[in-house]
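Trainee: Take a look at the following structure, please.
Nothing in this text is a laboratory measurement; each read-out follows from the coordinates by a stated rule. In this text, all values refer to a predicted model and were calculated from it rather than measured experimentally. Quick reminder, even Gly has a Cβ in these numbers, built from the backbone with ideal geometry, and neighbours come from all protein chains shown.
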Amino acid sequence: MQFLEPNSTPQVVAEIGQNHQGDTYHALRLMEMAAKAGANYLKLQARDRLQEFSREDRNKLYTGRNSFGKTYGDHRARLDLDDESFAHLKARHQYNENPAELFTTVCAVSRIEWLEKNNWCRFYKLASKDMNNHRLIDALAETGKPLIISTGQAENLFQIEKAYSRAAKKTRVVLLHCVSEYPLPIERCNLSRIETLRTEFGCPVGYSDHSAGVKAPVVAAIKYNACLVEVHVTMSRAQPGTDHAASLEQPGLAAVCQWIREAQEMVRRPELTVLEQIAATF
């Protein structure tokens, strides 16, 4: 996991999220597209609507262009992937020899047992909506696997500190600067917060982007040395669904991956000092 090492090359995460529309075949197409574009990691979401939402919330009417069901519960049931789908995607991922590493956000404690039993991935992510979900944070940290925590819905640094300290007692933690707007205007990206988080917590810090463009993730990687740059991916930004408008299609993702890689190649390695050069001759 290169992103855990100091001064590592920024890594690109392609967030599949729910842009697969609840279709495993479409999820596979997105995974293949993202890997060919140069993404280092591919991320899904492991959810459980019965645990995440109250009955009242699940029964609320959910209509409009981005709805996949008459109620919010029906909508989530249509989009969320179950354990069988996760098993199928992992098997196809391995069979296709996809070079990008697969992992998942976990949104419910109920999903952890199966993921751990099947050693489905080497690390997990906590969504920013769950920053105050101490039960979930503790359960993920108890696995001992590194945990990536997105900070988009934190009201202040104190909330981030509480989530970070709970997890850091048990495992290594990576923080992601994030602004939870879809799509995010570029003037609200606030990328300098990457440095703030790195200074405050002394841990690897990355960036989760919702700006629907290529500039913010590239600047986060090149100027602020974000260890991870996460972008949503889609086959078409015109598709119905809440995340497509804040996602990158294949050309945009390929550009982000290429520019980050080329930026690293442009940076010269430090030259040896005179004494180091003399010592190297003996």
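Trainee: As a test of the formula, what do you get for the chain when each DSSP H run with n ≥ 4 contributes -39,500 (n - 2.57) and the sum is divided by the residue count, at 222 nm and rounded to the nearest 500 deg cm²/dmol?
Mentor: Working: 12 runs with 111 residues, N = 282.
Theoretical 222 nm ellipticity from helices: -11000 deg cm²/dmol.
Trainee: Now for a different question. Could you compute Rg(Cα) / (2.2 N^0.38 Å) for the stretch 111-192, with N its residue count?
Mentor: Numbers: Rg = 13.6 Å, N = 82, 2.2 N^0.38 = 11.7 Å.
Dividing the Cα radius of gyration by 2.2 N^0.38 Å gives 1.16.
Trainee: Regarding the stretch 141-244, what whole-number volume in Å³ per residue does the convex hull of its Cα atoms give?
Mentor: 112
Trainee: Give me the net charge of residue 260's neighbourhood, meaning all other residues with Cβ under 13 Å from the Cβ of residue 260; Lys, Arg count +1, Asp, Glu -1.
Mentor: Counting the neighbours of residue 260, the net charge comes to -1.
Trainee: Please rank 95, 124, 25, fewest neighbouring Cβ atoms within 10 Å first, as an exposure proxy. Write down the numbers at each step before the final one.
Mentor: Working: 95 8, 124 26, 25 11.
Sorted ascending by nearby Cβ count, the order is 95, 25, 124.
Trainee: Rank the residues 192, 247 as a footprinting-exposure proxy: fewest other Cβ atoms within 10 Å of their Cβ go first. Don't skip to the answer; put the middle values down first.
Mentor: On the way: 192 10, 247 28.
Ascending number of Cβ neighbours within 10 Å: 192, 247.
Trainee: Next question. What residues have an amide H closer than 5 Å to that of residue 172, excluding those fewer than 5 places away on the same chain, when H is modeled at 1.01 Å from N in the peptide plane?
Mentor: Answer set, sorted by chain and number: 147.
Trainee: Exposure proxy check: 224, 207 ranked by fewest other beta carbons within 10 Å? Mind dumping the intermediate values first?
Mentor: Numbers: 224 19, 207 29.
The order, fewest Cβ neighbours first, is 224, 207.
Trainee: Count charges around residue 45 for me, please; just the other residues with Cβ under 15 Å from its Cβ, Lys/Arg as +1, Asp/Glu as -1.
Mentor: Values: positive: 43, 47, 49, 76, 78, 90, 111, 125, 129; negative: 15, 23, 48, 52, 80, 82, 83, 130, 230, 243.
Within the 15 Å Cβ shell, the charges total -1.
Trainee: Counting just the Cα atoms, what span does the chain cover along each of its three principal axes? Round to the nearest Å and put the largest first.
Mentor: Sorted from largest, the Cα extents of the chain read 73, 41, 40 Å.
Trainee: Can you pick out the pairs among 60/129; 70/170; 90/129; 117/215 whose Cα atoms lie more than 31 Å from each other?
Mentor: Over 31 Å Cα-Cα: 70/170; 117/215.
Trainee: Return the long-range amide H neighbours of residue 11 (sequence gap of 5 or more, or a different chain), with a cut-off of under 5 Å between placed amide H atoms.
Mentor: Here 228, 229 satisfy the definition.
Trainee: Please identify every one of the trypsin sites (Lys or Arg not before Pro) in the stretch 42-87 that sits in a loop by DSSP and has no more than 16 other beta carbons within 10 Å of its own beta carbon.
Mentor: Passing sites in the stretch 42-87 are 60, 65, 70.
Trainee: With +1 assigned to the C-beta of every Lys and Arg and -1 to the C-beta of every Asp and Glu, and no other charges, what is the dipole magnitude of the chain about the Cα centre in debye, to the nearest 20?
Mentor: So the magnitude is around 320 debye.
Trainee: Kirkwood-based Rg over Rh for the stretch 83-158 (C-alpha set), two decimals? Provide the component values of the computation, followed by the final result.
Mentor: Values: Rg = 13.7 Å, Rh = 13.5 Å.
My calculation puts Rg/Rh at 1.02.
Trainee: How long is the gain from residue 187 to residue 245 if the chain were fully straight, where each residue apart is worth 0.36 nm and the alpha carbon distance is subtracted? Don't jump to the answer; show the numbers that get you there.
Mentor: Working: separation 58, 0.36 × 58 = 20.88 nm, distance 1.73 nm.
Length difference between fully extended and current span is 19.2 nm.
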